[in-house]
Ligand SMILES: C[S@@+](CC[C@H](N)C(=O)[O-])C[C@H]1O[C@@H](n2cnc3c(N)ncnc32)[C@H](O)[C@@H]1O
C-alpha cells in the first residue's frame, strides 16, 4: 500500500498500531517522509550554537537520519522519542557506534505522555512532521504543554510541519497545516521566532511536500 493512501477520521483510531505497521511494512528509505539528507534541520540546529553536550529532544523521531548526522557533528546528548517501538528499533539499527554519547530511547505518546512527563532541561526540541498529525485541540494542547514544561529558559524549538499550501493527508492520516504565525500563537509570547522558511521536500517517490520550518527561542 502506498504510504499516502488509506483513511483515518476516527478519534479512537489506534495510532500506535498504525505507526508500528508503517515502519514494519517497508524499508525506511521507501517511507514518504524519509530524508537522505536532513539539511534544513541540521542547519537550524547548527544556528543555535549549542554546546555539544546540550540535551536535544527529538519528538516523534521515527527512523530519521538526523540522529546519525548529529552524532557525526559531535552532539552527544540526545533523547529520541516515538509512539512506535518499531520506529525506534529501526533508528537504533541505523546509528553509527555511539559509545561516547548518551542516547535515550523513549516510547511514549506526545499527546498523552507518561514517561515524558519527567522530561526537563531540554536545550532543543526538534519536531519534523509530527505535530501536524495532531488534529484535535486536546492533542495539540497536550503537546505544547509538554514542550513548554520540558524546555529550559533560553532553550530552542524547531517545528517543521506541512504548511498551509501543503498536503492535507500523510500516511493515510489527516493533518493540521501550519504557518509561522499559528506556531507562534501556540507557543505564546514567551517564545521568540528566530528563523522561518518554506521548504519543498522531495519524497523518495519524486512527489513533493510543502513544509514550513521554524526556529523559536524561549525567553528567560
Ligand atoms: C511522518 S513521521 C516523521 C518521522 C521523523 N520525525 C522524520 O522526520 O523522519 C511521524 C512520526 O511521528 C511519530 N508519532 C506519531 N504520533 C505520535 C505520538 N502521538 N507520539 C509520539 N510520536 C508520534 C510516528 O511514529 C512517526 O515516526
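For segment 88-189, go through all pairs of different Cα atoms, get the mean of 1/r, take its inverse, and jot down that Kirkwood value in Å. Kindly include the intermediate steps, with their values, before the conclusion.
Details: mean 1/r = 0.0657 Å⁻¹.
In segment 88-189 this quantity evaluates to 15.2 Å.
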Next item on the list: Would you look at the GNM of the chain, springs on alpha carbons closer than 10 Å, and say which of 153, 38, 27 moves the most?
Entry: 27
Note to self: In whole Å, what are the extents of segment 15-218 along the principal axes defined by its C-alpha atoms, from largest to smallest?
What the structure shows: 41, 40, 31
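Checking the a/c ratio against 1.5 first, then a/b against b/c, what shape does the Cα gyration tensor give for segment 12-82?
Numbers: a/c = 2.67, a/b = 1.83, b/c = 1.46.
It is prolate, given that a/c is not under 1.5 and a/b is the larger ratio.
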Next item on the list: Once you've got the GNM for the chain with C-alpha springs shorter than 10 Å, pick whichever of 100, 112, 179 has the biggest mean-square fluctuation.
Entry: 100
Next item on the list: Before rounding to the nearest 500, sum -39500 (n - 2.57) across all DSSP H runs of length at least 4 in the chain and divide by the residue total; then give [θ] at 222 nm in deg cm²/dmol.
Entry: -7500 deg cm²/dmol
Note to self: Restricting to Cα atoms and excluding each atom paired with itself, what does the Kirkwood estimate give for segment 55-122 in Å?
What the structure shows: 12.1 Å
Check: With the chain treated as a Gaussian network of Cα nodes joined by springs under 10 Å, which of 53, 109, 123 yields the largest mean-square fluctuation?
Finding: 53
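Rounded to the nearest 5, what % of DSSP beta bridges with both residues in segment 15-218 are antiparallel? Intermediate results must be reported in sequence, preceding the final value.
Numbers: 20 of 39 bridges.
Taking every DSSP beta bridge with both residues in segment 15-218, the antiparallel ones total about 50 percent.
Here, each number is a calculation from the coordinates, and none is a lab measurement. Here the structure is a predicted model, which is why all the values come from computation and not from measurement.
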